[in-house]
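Notes follow the structure.
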Amino acid sequence: MSKTKKFLLTEKQMPTQWYNIIADMKNKPGVSISPRTKKPVTKDEMCMLFAEELVNQEMSTERYIDIPDQVQDLYKIWRSTPLVRAYELEKALDTPAKIYFKNESTSPAGSHKPNTAIPQAYYNYKQGIKCITTETGGGQWGSAISFASQFFDIDLKVFMVKVSYFQKPYRKLMMNAWGADVVPSPSTMTEAGRHALAKDPNCSGSLGLAISEAVELAVRNPETTKYTLGSVLNHVLLHQTIIGEEALMQMEMAGDMPDVVIGCFGGGSNFAGIGFPFLKKNLTEGTNIRVIAVEPSSCPKLTRGVFHYDYGDTEGLTPLMPMYTLGHNFQPADIHAGGLRYHGAGPIVSQLLKDGLIEAQAIPQLETFAAGMVFAKTEGIIPAPESTHAIAMAIREAKKAKEEGKSKTILFNLSGHGMIDMYAYEQYFAGNLQNYDLSDETIRQTVDELKTLIDL
């Protein structure tokens, strides 16, 4: 008897609304603070950076927000994405657990990022914005917003973290192919970049610093230029929930429901996308689905950071947000999971973790690449280095099920493929990768600097 491996929705079955988890949170995320006034940030201040409709979504407490027809039409280029039963991985692990993954690598950009890139570009276009700026770490977000911007004839400048700019040249070329101008960060184009290079001419960059450069460029011409970003903020996480909304229906098609939902974690976008709709069942129906965020051991804001007000960028240009953070001056190691090299977590995810509604785990680099190889050899997909963190956690859970002799259903988000990350695998095969052990003192140095900021 053949087994059903892949579950797909028809276009008519696709979700028509995004889910806003804030509506169901007993403890709402704290307010963001203006870096200029040190008072709660206003809508007008946010609109200096972002398209107005995105600001409305950022501040919304409505449970569901309609997906515009034009966005739905563009989503249909690749959505729905498959929900896949990982039979071969289960067999290799000899586990009683059932393992499913949501395959977000099927998008044109190869990751989940177009789920928010399309609506962000759309809302900027509707407002008449001609130029947008952004940052990217590993290049997934940069390639996604490049892909999206071309549909609306918007000029795009991307500040790409320098270490990834050179580690992942084909991500840069993808952005160029879709019309974006890509600059390695830190650069000499902005005061923030020049400041970083003056302190360290060999600075390899960070997401926080690239954000500073993109924001600085945007605020110079706020009438024609806006800033976009691919993670952290509420409206970004909102757009990603199409992943979990689809997965809920697909799990029902499979006649199953997960006991554990897993996503890798940088700023929170793909984790929220897969996790929040299932967390809704816990909040509104009383289910007990475990939702786990998995971060690199070398950038452990959720597992070793502090809950404090902090800037989203290195130079302090963005609002202060209540978050789990390692401090905005934290310089992460040059791991190949570039999209996870971010010092802080978004306010929603931070509040959920603080309230014990989600879990967090940190996994070292070598374990994640080993997990990626197991997945590639069993399921045939070479995963992005970011996604290997979710795979590694799924493998841990599957092995635990075997040890306990209990069946469980595991769902993880395959947030992107690794076909443009083969340099990372080349380094892994050559034995050139390593784990990075952070001392408590290293973390304390940047965390202690937060004492000069607003306390919670």
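The values are calculated or read from the model by the stated rules, or taken from the named source; none is laboratory data. All figures in this text were calculated on a predicted structure; none of them were measured in a lab. Cβ sites come from the backbone with ideal geometry, for glycine too, and all protein chains shown count toward neighbours. The accessibility values were calculated without ligands, DNA or RNA, using every heavy atom of the protein model including side chains. Shrake-Rupley method; radii C 1.70, N 1.55, O 1.52, S 1.80 Å.
Values computed for the structure shown
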{"quantity": "10 Å-binned pair-distance histogram of segment 292-397 (Cα, whole percent)", "calculated": "16, 42, 30, 11, 1"}
{"quantity": "Environment charge of T287, counting only residues whose C-beta is closer than 11 Å and scoring Lys/Arg +1, Asp/Glu -1", "calculated": "+1"}
{"quantity": "Extension gain (nm, one decimal) between E52 and E252, 0.36 nm per residue minus Cα-Cα", "calculated": "68.3 nm"}
{"quantity": "Stretch gain in nm, segment K12-K377, where the contour uses 0.36 nm per residue and the Cα spacing is subtracted", "calculated": "128.0 nm"}
{"quantity": "Ordering of 78-87, 60-69 by burial proxy (mean other Cβ atoms within 10 Å per residue, highest first)", "calculated": "78-87, 60-69"}
{"quantity": "Heavy-atom accessible surface of the chain: percent carbon and sulfur, 1.4 Å", "calculated": "49"}
{"quantity": "For the chain, calculated [θ]222 nm from helices alone, where every DSSP H run of n ≥ 4 adds -39500 (n - 2.57)", "calculated": "-12000 deg cm²/dmol"}
{"quantity": "Ranked packing of 203-216, 265-278, 411-424, 28-41, most packed first, by mean Cβ within 10 Å", "calculated": "265-278, 203-216, 411-424, 28-41"}
{"quantity": "Entries in K12/K281; K39/K451; K28/K76 that, when Cα-Cα distance is taken, lie over 28 Å", "calculated": "K28/K76"}
{"quantity": "Gyration tensor (alpha-carbon) shape descriptor, segment 188-288, a/c threshold 1.5", "calculated": "prolate"}
{"quantity": "Lys, Arg +1 and Asp, Glu -1 on Cβ, resulting dipole of segment 330-417 about Cα centre, debye, nearest 20", "calculated": "200"}
{"quantity": "Distance between segment 244-302 and segment 361-434 - C-alpha centres, whole angstrom", "calculated": "17"}
{"quantity": "Total formal charge among the other residues, if their Cβ is under 15 angstrom from that of D24, Lys/Arg +1 and Asp/Glu -1", "calculated": "+1"}
{"quantity": "Overall dimensions of segment 216-343 by Cα: Rg and Dmax, Å", "calculated": "16.9, 53"}
{"quantity": "Two-site FRET efficiency, N432 against N221, from Cβ-Cβ distance with R₀ of 35 Å, rounded to 0.05", "calculated": "0.20"}
{"quantity": "D66 paired with D334, simple spin-label distance in nm, labels 7 Å along Cα-to-beta-carbon", "calculated": "5.0"}
{"quantity": "Segment 107-222: C-alpha gyration tensor shape, a/c 1.5 cut-off, then a/b vs b/c", "calculated": "oblate"}
{"quantity": "Relative frequency of Cα-Cα separations exceeding 15 Å in segment 336-395, percent", "calculated": "55"}
{"quantity": "Residue-span extension gain [M422 to N176] - 0.36 nm each, minus C-alpha spacing", "calculated": "86.6 nm"}
{"quantity": "Cα coordinate range in the chain, projected on the principal axes (Å, largest first)", "calculated": "64, 48, 44"}
{"quantity": "Percent of beta bridges antiparallel (DSSP, the chain, rounded to nearest 5)", "calculated": "35"}
{"quantity": "Using alpha-carbon coordinates, inclination of helix 114-126 to the longest axis of the chain, degrees", "calculated": "40"}
{"quantity": "Dipole magnitude (debye, nearest 20) for segment 1-92, charges at Cβ of Lys, Arg, Asp, Glu", "calculated": "540"}
{"quantity": "Net +/- balance of residues flanking I129 in space, Cβ distance below 15 Å, scoring K and R +1, D and E -1", "calculated": "0"}
{"quantity": "Heavy-atom surface of the chain, accessible at 1.4 Å and reported per residue (Å²)", "calculated": "37"}
{"quantity": "Stokes-Einstein diffusion coefficient of segment 8-99, Kirkwood radius over Cα pairs, 10 °C, 1.306 mPa s, in µm²/s", "calculated": "92"}
{"quantity": "Relative packing of 91-102, 236-247, 427-438, which averages over residues the other C-beta atoms within 10 Å, highest first", "calculated": "236-247, 91-102, 427-438"}
{"quantity": "For segment 51-62, Karplus couplings with θ = phi - 60° (6.51, -1.76, 1.60), whole Hz, Gly/Pro x", "calculated": "4, 4, 5, 5, 5, 4, 5, 4, 9, 6, 10, 5"}
{"quantity": "I77 paired with N288, simple spin-label distance in nm, labels 7 Å along Cα-to-beta-carbon", "calculated": "4.4"}
